[in-house]
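Student: Take a look at this one; I'll ask things after.
The values are calculated or read from the model by the stated rules, or taken from the named source; none is laboratory data. It should be emphasised that the depicted structure is a prediction, and the values quoted were computed from it without experimental measurement. When we count neighbours, we look across all protein chains shown, and the Cβ atoms used for this are built from the backbone with ideal geometry, even at glycine.
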Amino acid sequence: MPHLTKLRLQSRPYPDADVYPFNLAVLRETEEIGFSVPVTFFAGGNGTGKSTLLRAIGLGCGIHIWEGERRQRYKKSPFENLFHLFLEIVWSSGPVPGSYFSSDLFRFWAEALDEFAVSDPRMLDYFGGRSLLSQSHGQSLLSFFRSRYCRKGLYLLDEPETALSPQSQIELIRVLQESARQGNTQFIVATHSPILLACPGAMIYSFDAPPIQQVDYEDTEYFRVYREFLEDPEAYLERGSG
């Protein structure tokens, strides 16, 4: 049984229905999401709230989220980082440790690791004995995935495919499967990748229309678009321009 079995969205006390993310219908009209398998995907177009919910799950589960450089913003919702307070986390046997991965923050983490390794080079043994900064971005990600996801925990990944080639995405699927077979890891992944969504035995939740609901792989928008495009790219582009 997965560590996190159910997520309840307590929408009635949302503080403001006009600001993000509380203005998203998909987050207002979804009451709960169940998790029954080791690997679950959140799928949906840009701005549908899948990454926002993933981050809120991390905060609600007490998982540290590495921060990058802080910059001033023109306008920010005062409630933007409070969404996790409106989630109810249901565990199977109590909380477990875990981690949150986002490709845009990974560089900052890798740089910090390199600084630590100056005083203790053996820290890099955990990642194959090489600095993650000395590898390509895609290679460093796979090194991280292989080393990190071999321990009991709840692992949240936000669009991990960003720097991965199609072959590397397939390798990530193998990492998820191998880790899941150990029976002590659970993954929730927000993704746009039709390759990752093909992970055997995984559950897929669509954010494209409220409420959030489980869908089959071939019913996802990603599968449909990629299949139609690959069958006849020129005709697909002509239809799009028309």
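Student: Counting just the residues of the range 128-152 that are at pLDDT below 70 and not in a loop (DSSP other than H, G, I, E, B), which one comes out nearest to H192 (Cα to Cα)?
Tutor: This residue is H137.
Student: Just to be sure I understand, how many residues within the range 178-191 are modelled with pLDDT of 95 or more and surrounded by fewer than 22 Cβ atoms within 10 Å (Cβ to Cβ)?
Tutor: Number of matching residues: 0.
Student: I'd like to check something: does the range 60-82 contain any residue that is in contact with a helix residue (DSSP H, G or I) (Cβ under 7 Å, 6 or more places away or on another chain), surrounded by 18 or more Cβ atoms within 10 Å (Cβ to Cβ) and either at pLDDT below 95 or of a type in the set (S, T, N, Q) (or both)?
Tutor: no
Student: Also, I was wondering about something else. I want to confirm something. Restricting to the range 165-177 and keeping residues that are within 13 Å of A202 (Cα to Cα) and out of contact with any Leu (no Cβ under 8 Å at 6 or more places or on another chain), which single residue is surrounded by the fewest Cβ atoms within 10 Å (Cβ to Cβ)?
Tutor: R174
Student: Another question, if that's okay. Given the criteria modelled with pLDDT under 95, surrounded by 14 or more Cβ atoms within 10 Å (Cβ to Cβ) and over 16 Å from the mean Cα position of the chain (by Cα), does L105 qualify?
Tutor: no
Student: Given the conditions (1) at pLDDT 95 or above; (2) touching a His at 6+ places or on another chain (Cβ under 6 Å), report the number of the one that Y155 does not fulfil.
Tutor: (2)
Student: Still on this structure, please answer the following. Please go through the range 210-230 and give me each residue that is more than 21 Å from Q177 (Cα to Cα), surrounded by fewer than 18 Cβ atoms within 10 Å (Cβ to Cβ) and touching a Ser or Thr at 6+ places or on another chain (Cβ under 9 Å), ordered by number.
Tutor: Hits for the range 210-230 are P210, P211, Q213, D219, E221.
Student: Count, please, the residues in the range 178-215 that happen to be of a type outside the set (F, W, Y) and either assigned to a loop (DSSP other than H, G, I, E, B) or free of Cβ contacts under 8 Å to residues at least 24 places away in the same chain (or both).
Tutor: Residues in the range 178-215 being of a type outside the set (F, W, Y) and either assigned to a loop (DSSP other than H, G, I, E, B) or free of Cβ contacts under 8 Å to residues at least 24 places away in the same chain (or both): 20 in total.
Student: Does any residue in the range 1-17 that is without any contact (Cβ under 8 Å) to a residue 12 or more places away in the chain and small (G, A, S) come within less than 9 Å, Cβ to Cβ, of a residue that is surrounded by 15 or more Cβ atoms within 10 Å (Cβ to Cβ) and not in a loop (DSSP other than H, G, I, E, B) six or more places away or on a different chain, and which pairs are these?
Tutor: Sorted first by the residue in the range 1-17, then by its partner, the pairs are A17/R28.
Student: On to the next question. Within the range 6-20, track down each residue that is surrounded by 14 or more Cβ atoms within 10 Å (Cβ to Cβ) and under 26 Å from V37 (Cβ atoms).
Tutor: Answer for the range 6-20, where residues must be surrounded by 14 or more Cβ atoms within 10 Å (Cβ to Cβ) and under 26 Å from V37 (Cβ atoms): K6, L7, R8, L9, S11.
Student: Restricting to the range 4-43, and then to whatever is small (G, A, S) and over 27 Å from P97 (Cα atoms), can you tell me which residue is modelled with the highest pLDDT?
Tutor: A25
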